[in-house]
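Just passing along the structure, written as C-alpha cells.
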Amino acid sequence: MSTTAEAIHDHHDDHHELTGFKRWLFTTNHKDIGTMYLIFSLVMFFTGGAMAMVIRAELFQPGLQFVDPGFFNSMTTMHALIMVFGAVMPAWVGFANWMVPLMIGAPDMALPRMNNWSFWILPIAFGLLLSTLFLPGGAPAAGWTLYPPLVLQTGEAFPFAIFSVHLMGLSSIMGSINVIATILNMRAPGMTLLKMPIFVWSWLITAYLLIAVMPVLAGAVTMLLTDKYFGTTFFSAAGGGDPVLFQHIFWFFGHPEVYIMILPAFGVVSEILPTFARKRLFGYEAMVYAIAAIAFLSFIVWAHHMFTVGMPFSGEVFFMFTTMLIAVPTGVKVFNWTATMWKGSMTFETANLFALAFLFLFTIGGFSGLMLAIAPADFQYHDTYFVVAHFHYVLVPGAVFALMAATYYWLPKWTGNMVNETLGKWHFWLSAISVNVLFFPQHFLGLAGMPRRIPDYGTQFADFNMWSSIGGFAFGLSQLMFVYVIIHTVKGGAGKAAAAPYEGSHGLEWRVPSPAPHHTWEEPPVIAEDDHRVHS
Amino acid sequence: MTNEDMKSKRKAAVRTAIILALIALAFFAGSFFFLPG
C-alpha cells in the first residue's frame, strides 16, 4: 500500500478516468467541480440577463409594449433570484473550489463527495425554479423578497419556488461547510491563519455568514409554506401572526447575503491590485479585521431595509447608526487598496482594469448606500429606482466586475494559456461604459420619484429610462465578448502561460504549473516561518 | 504526506463539518423563535 496521499486519491478520484457525462457527474476533484460551478453560473448569468433584457425592453418607453404586468413582475422576481442564487453565489463557490486548495497547499477540498453533491443539487434547484415559468398562474411574481401576504397569492408555482429555495440553501450550506473544513484542517504545514491569502480569508468569513443565514431563509420560506398549505398563521394577522415578522426574518438573512456576494470580491481585488502594482498589499492584517468587522456588522443592520414599515424611534436610530458604521471598515479597505497602488509600478492588464473599475464603481454603490442609511431620507428614496441603482452598482460593477477580474486573472492558471489582452480590453471598456449608461440614470429616476417594479411609468421618466435601456442592451451584448474571450483562451489564447505569468504574483497557486495539473499539492509545500510571500 | 496524516486530516474535517451542520440546524430552528419588538 502506498504511503502517500495518492493512495487516498486513488479511491475517490479514479472517476477522472471516466469519460463523457459520467466524468462530470461523479467527479470529486475540486478543479472539475469548480469548473462546473463556473460554467453553471455563466449559463445562469445569461438566463437572468435575458430576463433583464425583457425588463429593459418593456421600460424602453412609457406604456405597455411587450409583456403584461403579471409577467413583468415574474421577470423582476426571477431575474433577481437567478442572479443572486444562480449566478453570483455559485460563481464565488466555483472560485473557492478552484483556488482555495491551490492557495493553501491542500490536495483537494476536505469533503470531496459532499462537494459533488453541493454542485449537482443546483441544476435541480434551478430546473425547478425555471419550470415555474410554464405552470398555471406563472412564475413567482412577488419580488425576490417573497413578502407575504402577496407571495401567498402565487399559483401552482409556489411550492416549486419554495422547494427550489430550500435546495439552493442546502447547496450553499454544504459548500460553505466544505470551505471552512478545508481551510481549518487542510492547510499546508507553516501556512498559519495570518499567512493565508486574503481571498482565502474572505471566503472563510463568507462561509461562516452563509452557515448562519441560509438556514434562517430556509426557516422563513418553510413558514410561508406552512402558512399557505397547513393552516399556520406565522405571517397572518387574522390568526395572531404578523406579516412584518417575515420581513425581519428575511432581512436577517438578506443583509448578510449582500456581504456573501461582496466579501469574496474584496478578497479577489486584494489579490489582483498588489500583483499589478508590484507591491505587497498595504495593511494585510487590517484588511482581514475589516472583513471580519463588516461580517459582524452585517448581522445588526437588517432593519434598515424596513425603515418605512414602522418601528420605534430607538430602532430607527440604532439601525441607522449601525449601518453607517459599516462605512468605517469599508473605508479601511478602500484606503488600503489605494495605498497599495501608491507609488507602485502599475500596469493595466484586463484583470487589473476590472479590479480598478470595481474600486471606483463599488464605491459609488457604497456612497448611495450611505444615503439610503439615513432613516429620514430613506422615506423619500424607499422603493424607488434610487434603490435599484444603488444595489445594482454594488452587485454589477461591484460583485460581477470582481468575478470578471478574477476570471481574467486566473484563466492562465486554469487553461495554461494567456488571455488576448486586446480582446479583454475591448470587453472591459464596452462593459465599463455601458454599465454606467445602464445604472447611473436610475439614480435620477429614483430621486424624481419613479417607483420600483412597475412596467409602465409617467412620461417625465421617459428619457432616463430610454438611456438606461440602451445601456442595458449594450451591456448584455458586451458579455457575449466575455464568452468569446474565455473560449479563445481555452483554445490557445495569446500563447502558453508560465507557472507564474505575472511578475508581481506570489501565492502558492503560482507555484504549480499552468494549466494546473488534475492533482496538485499531493505532497504539501512546507511554508518556512519567514516566508511571507504566500499571500499578496 | 503519509496516508495516516491524510486520514487524520479528513477525520478532523468531518468533525468540523458535523459541528458546522449543528450550528446551521440551530439557526434554522432559531428562525422559528425570532420575535423582534
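Against the condition farther than 30 Å from A:Thr192 by Cα and among the small types (Gly, Ala, Ser), how does A:Ser514 come out, does it pass?
Against the criterion (farther than 30 Å from A:Thr192 by Cα and among the small types (Gly, Ala, Ser)), A:Ser514 does not qualify.
Output the residues belonging to region A:40-76 that are among the aromatic types (Phe, Trp, Tyr), farther than 17 Å from A:His392 by Cα and within 28 Å of the chain's Cα centre (by Cα).
Scanning region A:40-76 gives A:Phe40, A:Phe60, A:Phe71, A:Phe72.
Within region A:99-119, restricting attention to residues that are over 25 Å from A:Arg533 (Cβ atoms) and part of a helix (DSSP H, G or I), which residue is farthest from the other protein chains (Cβ to nearest Cβ)?
Of everything passing the filter in region A:99-119, A:Phe119 is farthest from the other protein chains (Cβ to nearest Cβ).
Ok, one more. Can you say whether A:Val165 is under 30 Å from A:Leu273 (Cβ atoms), in contact (Cβ under 8 Å) with a residue 24 or more places away in the chain and either crowded, with 23+ Cβ neighbours inside 10 Å or away from every other protein chain (no Cβ under 13 Å) (or both), as far as the supplied structure shows?
In short, no.
For region A:121-146, which residues satisfy the criterion of being part of a helix (DSSP H, G or I) and of a type outside the set (Ser, Thr, Tyr)?
Passing the criteria: A:Ile121, A:Leu122, A:Pro123, A:Ile124, A:Ala125, A:Phe126, A:Gly127, A:Leu128, A:Leu129, A:Leu130, A:Leu133, A:Phe134.
Rundown of residues vs (1) in contact with a helix residue (DSSP H, G or I) (Cβ under 8 Å, 6 or more places away or on another chain); (2) under 14 Å from A:Asn352 (Cβ atoms); (3) assigned to a helix (DSSP H, G or I), yes/no style:
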{"site": "A:Ala402", "(1), (2), (3)": "yes, yes, yes"}
{"site": "A:Thr407", "(1), (2), (3)": "yes, yes, yes"}
{"site": "A:Lys413", "(1), (2), (3)": "yes, no, yes"}
{"site": "A:Thr422", "(1), (2), (3)": "no, no, yes"}
{"site": "A:Trp426", "(1), (2), (3)": "yes, no, yes"}
{"site": "A:Ala432", "(1), (2), (3)": "yes, yes, yes"}
{"site": "A:Asn436", "(1), (2), (3)": "yes, no, yes"}
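Would you mind stating whether A:Gly471 is in a helix (DSSP H, G or I), within 28 Å of A:Ala432 (Cβ to Cβ) and touching a Ser or Thr at 6+ places or on another chain (Cβ under 8 Å)?
Taking the combined requirement at face value, the residue satisfies it.
Of the residues A:Ala286, A:Ala292, A:Ala265, which is at pLDDT 95 or above, surrounded by fewer than 20 Cβ atoms within 10 Å (Cβ to Cβ) and within 20 Å of the chain's Cα centre (by Cα)?
Within the list A:Ala286, A:Ala292, A:Ala265, the selection yields A:Ala292.
Step by step: first the residues of region A:180-196, then only those that are in a helix (DSSP H, G or I) and at the interface with another protein chain (Cβ under 10 Å from one of its Cβ atoms), then the one that is surrounded by the most Cβ atoms within 10 Å (Cβ to Cβ). Which residue is that?
Result: A:Thr182.
The values are calculated or read from the model by the stated rules, or taken from the named source; none is laboratory data. Since the structure is predicted, the reported quantities are computational estimates derived from the model, not experimental observations. Counting neighbours? That spans all protein chains shown, and the Cβs are built from the backbone with ideal geometry, glycine included.
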